Every structure is written in structure tokens, then in C-alpha cells.
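The numbers here are math on the coordinates, done by the rules we state, and not lab data. What you see is a predicted model, and the numbers here were worked out from it, not measured in a lab. Cβ sites come from the backbone with ideal geometry, for glycine too, and all protein chains shown count toward neighbours.
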Amino acid sequence: MKLGMVIDLDRCIGCRTCVVACKGHNSQPPGTWWNRVFTPGSKEHQIPLAKDGEAQMYFLPVSCQMCENAPCEKVCPVGATYTDEQGRVLVDYERCIGCRYCMVACPYGVRQFNWEDARKAKEKAGYMPGYDYGYPFEHRDKRGRLVYTPDRPKGVVEKCTFCVQYTDQGDPPICVQACPARARFFGDLDDPRSEVSRLVRQRQALRLKEELGTKPKVFYLPPTGPRK
Amino acid sequence: MRKLNAAFVPGLVLLLVSLLTWGYQLKSGLIVTGMRNPFSWGLYIATFAFFVGIAAGGLIVSSSVYLFNLEQLKPFTRIASLSAFASIMAAAVIILPDLGRVDRIYNLLLHPNFRSPLIWDVIVVSAYTVLTFLSVYLQLLPDWKKEGRGFLNGWTRKLTQEEVESIAARWSRRVAVVGLPVAILIHTITALIFATQASRGWWYTAVLPPDFIAVAVASGTALVLVIALLITGKEEFGRYAGAFDTLARITAGALAVHFFFVAMDLLIHWWWGGPEALAVLSLVFNRYAPLYLVEIVLPAFVMIYFFTGKARRSPGNLLWGCFLLFTGVFAHRLMLMFPAFNQYPLSLSLPGMEVESWHYPVAIGGFKAGAPVFAGSWPYVPTLLEVAVDLLPFGLALLIITLMVGSYNFLPEKR
């Protein structure tokens with residue numbers, strides 16, 4: 001099994017619902033965003049940019065690309081970052097030593113560090129005392145490695161997990177579930193009959209920074225209509 | 001002879017200040033530094049690279065004496081080994097405050113990932129620490145035997161002075177022979193930590209490891225020169241004039257090689273004219289031009305100055321030259337970071353829809369009312385606290401050197 005995602009940019013309306021759902025469901029501390037949506041080339045999101053005398057605008061959601069040849073996994077000195085049997089690149093919160101080499105190596109800027117204690121950060125940001133959000137339980141892989149916890153330890157690196165706590169139960173990641181435009185597809189890239197495999201095969205599916213040979217498992221269907 | 005004793009107190013102060021501030025950082029998290037998600041390595045890693053550099057140089061000097069029969073340098077082999085040992089300890093120790101979870105450092109031993117250049121570095125730096133320690137230890141053994149003191153030398157009690165001397169000489173030679181390749185390796189591998197990363201255009205070049213070695217020979221030799229100058233003092237400078245002359249020439253020559261590599265690197269970045277390469281050069285020559293100027297001008301001046309005989313004959317001039325060189329090399333290490341993190345590695349766009357000079361924003365990793373949460377590039381400046389923590393390796397190296405020089409004889413009489 002090789003879990004993968006396809007994002008149809010013709011359908012993406014740049015609403016950032018996936019960004020917010022991801023932030024909440026995965027208990028990301030203030031200042032941490034696993035999932036981002038921006039308007040390439042534009043200083044501000046949702047502002048078109050002038051190109052060749054015409055207004056142009058498209059939206060690009062970026063979270064962990066789940067590389068098959070993942071530089072973050074290769075540089076990790078202690079094997080805290082690893083690829084599991086379903087192709088998800090995960091971080092073991094209990095093994096990470098916080099050297100941040102993976103953040104240096106990642107060409108997509110998806111890795112985020114816990115620069116301070118998450119509770120303290122929430123307090124500083126002015127959250128109501130005792131307010132917690134997100135999937136409330138710890139989640140461990142089959143070998144007992146801690147790959148999700150709502151209480152983020154200080155000094156470790158984190159990133160998108162394809163919502164390991166949901167995908168382990170057979171549900172799609174929350175960004176896929178939440179997308180109001182149904183722009184995201186999720187499934188097994190090893191299964192030729194899955195929707196994601198079909199889309200990758202039949203449409204002009206592209207990957208970010210293909211030239212680096214990282215072989216992401218997140219594919220993009222470029223916009224086909226006029227970008228106005 | 002004992003001028004270095006005066007540096008003991010400053011060394012202790014530096015160490016205490018850094019330990020206290022590190023304690024505060026441990027409590028608060030790395031949020032107290034200037035680093036954030038878009039700029040994840042800063043002053044600490046630059047300082048690490050700086051100390052690895054001068055560490056490699058030290059043993060290169062003392063090994064060359066044995067390997068290439070550089071008789072002139074022979075009086076300075078003890079100093080060179082000591083400088084290498086103190087520097088590698090300093091390099092190793094500055095990694096600790098950079099770790100988010102230093103309490104889990106044992107994972108390096110329990111779960112090493114041998115594909116990671118960081119693990120390669122752990123191995124060679126550890127090996128080098130042992131070798132430089134042995135090198136200092138073996139050279140001091142005969143003295144300790146004669147004076148009936150020292151440590152870890154109970155096994156020599158039953159031996160005669162001659163036996164100890166011959167064992168020390170034989171093993172010193174062996175350590176030197178093994179030490180030279182390891183000295184070159186620590187720098188090669190430290191460079192590989194950076195040079196393997198295709199996501200950072202500023203580092204992704206095969207010239208980085210050889211250039212690290214060139215800088216190491218220059219700055220490592222300079223440190224040996226400085227310590228030797230402080231031990232001999234002006235009075236005895238004349239006696240060792242030949243050795244100082246050779247050290248200064250080695251420094252200048254290594255700098256010439258370094259500048260050759262720098263020129264090749266810049267030329268190859270510029271010639272093809274790809275947008276990402278040009279973006280890196282624009283950072284180097286515009287945004288960070290002042291720092292880059294320090295990196296180029298000071299060592300260039302020192303190189304020319306040390307090639308002239310006048311500088312090499314005056315202890316004061318040599319001392320000043322070396323300090324200018326250290327400043328330049330430190331700027332060089334800082335400049336590893338700025339263009340690497342603030343280039344546009346994230347000019348993420350799809351084929352056929354490229355946009356120029358746009359950086360896909362990264363979440364900073366901290367929230368502050370009124371400040372943006374996402375940034376395309378991060379104007380990293382070390383915080384005051386970060387600078388204070390960064391004194392740790394300087395304090396440690398100073399203490400090791402002053403304690404050892406104060407206790408034992410590092411400048412044996414010529415025979």
C-alpha cells in the first residue's frame with residue numbers, strides 16, 4: 001500500500017478551509033501550520049497578479065509531499081523520521097533530538113519546529129486557559145512509536161502525517177474530508193483501480209520540484225482553464 | 001612563558017556566562033534564539049564549523065612534522081596537538097545547545113542512521129577527539145615520568161625513562177600518521193553535511209569539502225601560531241623565528257588555495273545564469289555584501305601580508321594578522337547560513353506556470369500579535385542570549401589551553 005494524494009487545481013478556490021481544518025484537527029500550536037495555500041507570485045493571497053497584460057491567479061496548496069526519496073528521512077541522524085508500510089513519512093516525537101537537519105534538507109519548507117512549549121505558546125497567544133483543540137488522543141504506530149499527540153513536546157520537529165490518526169482507521173485525511181470544492185483525492189497509488197492512480201495516469205499530473213528527484217506522493221493536476 | 005595564565009579567568013567567566021544562559025534556553029526553548037522555521041540553523045552551527053576548522057588545522061601541522069620531516073616546526077608539535085584537542089572539544093560542545101532535545105542525545109548511539117552525514121560527523125569527530133587527546137598525552141608522557149606527575153600514567157611506573165621516551169615517540173608517530181587523514185576527514189564530512197543538500201543551492205557543490213580543508217589549514221595553523229607566540233613571548237621569538245616563518249607561509253598558502261576555490265564557486269554559480277543561482281549571488285553581493293566583504297577582504301589582506309617577509313619577522317604583526325584572519329573566517333562560516341536559507345528554495349510553482357522571485361511562504365513557528373505568521377525569508381540576527389550561549393566553546397577552549405599550558409611544558413627545549 002502506498003498512500004498518495006492528488007490535488008486538482010482547477011477545482012481549488014483558495015478558501016483555505018483545508019488549512020484551518022488541518023490546524024485544528026492536528027492540534028498545531030500557534031505559529032505552526034502544516035498545510036498552506038498561497039497564490040503563487042502574489043504578495044497577498046487571493047490577489048491576482050498582472051501577467052502579459054492580463055490578470056492571472058491560481059492557488060497552490062502545499063503540505064508534506066510524502067517523498068519516496070525523502071531527504072528529511074535520509075538526513076535524520078537517529079531515524080526519528082521514517083516511512084511506514086503505507087508510504088507515510090512520519091516523525092517519532094519521542095525519538096527526535098531536535099537537530100533540525102530535516103528542516104534544512106526539505107525542499108518544500110513543510111517541517112516545523114517546536115521552538116517553545118506548546119502550552120506556553122498558547123498562553124502567550126492569548127488562548128482561553130484550558131482551551132484545547134484537535135484530535136484528543138495520542139496515536140502510536142504498530143511498533144508503538146508516538147506519531148501524534150495533542151500535547152506537543154518542546155524541541156522536536158513536526159509536520160503533516162496524512163492525518164495518521166484518521167488514515168489508520170480507513171478515513172481520508174481531514175483536508176480531503178473538509179475541502180468544499182472536492183479538489184483533493186486520496187487513496188492507494190499501488191492499486192491501479194484507485195481514483196488517485198487513475199487521475200495520475202489519465203490526467204497531466206505534476207509534482208513539485210520534480211527535478212530534485214524526491215518523488216513526492218502528492219500530485220497536482222494543473223489548471224486547464226484560463227487563469228483569469 | 002606563562003603569559004597565557006592571564007586568560008584563565010576570562011575563560012572561566014565565558015564558560016559560566018554561557019552555561020547560565022544555556023540553562024535559561026533549556027527552560028524556555030530555542031524560541032529565545034533568532035532562529036525560526038525558515039532559518040533553522042544559525043550562529044551555533046556556524047561556530048561549530050569554525051571550531052572544526054581550526055581543530056583540523058592543528059593536527060595537520062603536528063602530523064606534517066612527522067610525515068614530511070618539517071624539522072623546523074618540531075618545537076611546536078605539542079602546541080599544535082593541544083590546539084587541535086581544545087578546538088575539537090569546543091566544536092563538539094557547541095552542538096549541544098543547538099539541539100532541541102539534548103536530553104535524548106543517547107539516541108545517536110542507540111539508533112544511528114548511517115545514511116545521515118550527521119552520524120558520519122559524530123563518528124569522525126569522536127575519533128578525532130580521542131586521537132588529539134592521545135597526541136597530547138603521548139607527547140607529555142616523558143616529562144611526566146621525569147617529574148613524577150601527570151595522569152593516566154600509572155602503567156609507566158615500572159618502566160625506565162628511556163623506555164617511556166621510546167614508547168611515546170613510537171606511538172606519537174603512529175597517532176600522527178592516523179591523525180592526518182582523520183583531520184582531513186572531519187572537515188570533509190562536516191562540509192558534506194552541507195554539500196549533500198540539493199535543496200540549498202549555496203551549499204550544493206563539490207568544491208565545498210576541499211574549500212573547508214583549505215580554510216581549516218589556514219585558520220588551524222593560525223591558532224597554533226597564536227598560542228606559540230603567546231607562550232614564547234617577544235623575548236624568545238628570535239629562537240623560533242624559522243618555525244613562525246613556516247607557519248605564516250602555510251597560512252598564506254592555504255588562503256591562496258581557498259580564494260581559488262571561492263572564485264571557481266562564484267564563477268560556476270554565475271555563468272549559466274539560472275534564476276536560482278543568480279538569486280543566491282544577489283543575496284551574497286547585495287543583501288549580505290557587508291558581511292561578505294569582511295569574509296573576503298580580511299583574509300585577502302592577511303594572505304598578502306603574510307606572503308611579505310616583513311610581517312613574518314614581527315610577533316606583533318603576526319598576532320594581529322591572525323586575529324584579522326579569525327574574524328574573516330568566522331564571517332565566512334556565518335555566510336554559510338545566510339544565502340543558504342534566504343535564497344528561493346521554495347520557488348514552488350508548476351511547470352509552465354513559473355513565477356519569478358517569489359518565495360512560497362513558510363510558517364515562522366511562533367505567534368506574535370501584529371507580526372506576520374508566514375514569511376518568504378527570515379531576517380535572521382542572533383539574539384543577545386544566543387551570543388551569550390555561543391561563548392561556551394570559546395570559554396572551554398580557553399580554559400583547556402590555559403590549564404594545560406599552565407601545568408605542563410608545551411615548549412620543550414631544542415635538542
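The figures follow:
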item	result
Euclidean distance between Cα centres, the range B:68-105 to the range A:65-107, Å	30 Å
When the convex hull of its Cα atoms is projected in every direction, mean area for the protein assembly as shown (nm²)	31.6 nm²
Ranking of B:373, B:329, B:182 by count of other Cβ atoms within 10 Å, fewest first	B:373, B:182, B:329
Cα pair distances of chain B binned at 20 Å [whole percent]	25, 55, 18, 2
Cα gyration tensor shape for the range B:70-149, rounded if a/c is under 1.5, else prolate or oblate	prolate
Inter-label distance, nm, simple model (7 Å from Cα along the C-beta direction), residue B:177/residue B:282	5.5 nm
Alpha-carbon Rg/Rh ratio, for the range A:157-228, with Rh computed the Kirkwood way	0.98
GluC sites (Glu not before Pro) restricted to DSSP loop in the range A:1-89 with at most 11 other C-beta within 10 Å	A:44, A:85
Listed residues B:95, B:79, B:401, most fluctuating in chain B (Gaussian network, C-alpha, under 10 Å)	B:95
Cut-off 20 Å, label 7 Å out along Cα→Cβ of residue A:191, residues of the range A:165-180 by amide N	A:165-178
FRET efficiency, residue B:327 to residue B:403 (Cβ-Cβ, R0 35 Å, nearest 0.05)	0.85
Given charges at beta-carbon only (K, R positive; D, E negative), |dipole| of the protein assembly as shown in Debye	600 debye
Cβ-based charge dipole, the range B:75-189, positive-most Cα from B:172, B:183, B:85	B:172
24 Å Cα-Cα reach of residue A:120 towards lysines, excluding residues that sit fewer than 8 places from it in its own chain	A:23, A:154, A:159, B:27, B:368
Calculated SAXS-style log₁₀ I(q)/I(0) at q = 0.11, 0.12, 0.15, 0.16 Å⁻¹ - the range A:3-221, Debye, Cα scatterers	-0.55, -0.66, -1.03, -1.17
Residue with peak Gaussian network fluctuation, chain B [Cα springs, cutoff 10 Å], from B:110, B:334, B:140	B:110
Sites residue A:143 and residue B:20 - FRET efficiency at Förster radius 35 Å, r taken between beta-carbons, to 0.05	0.30
By average C-beta atoms within 10 angstrom, highest first, the peptides A:123-135, A:146-158, B:165-177	A:146-158, B:165-177, A:123-135
Listed residues B:332, B:258, B:111, most fluctuating in chain B (Gaussian network, C-alpha, under 10 Å)	B:111
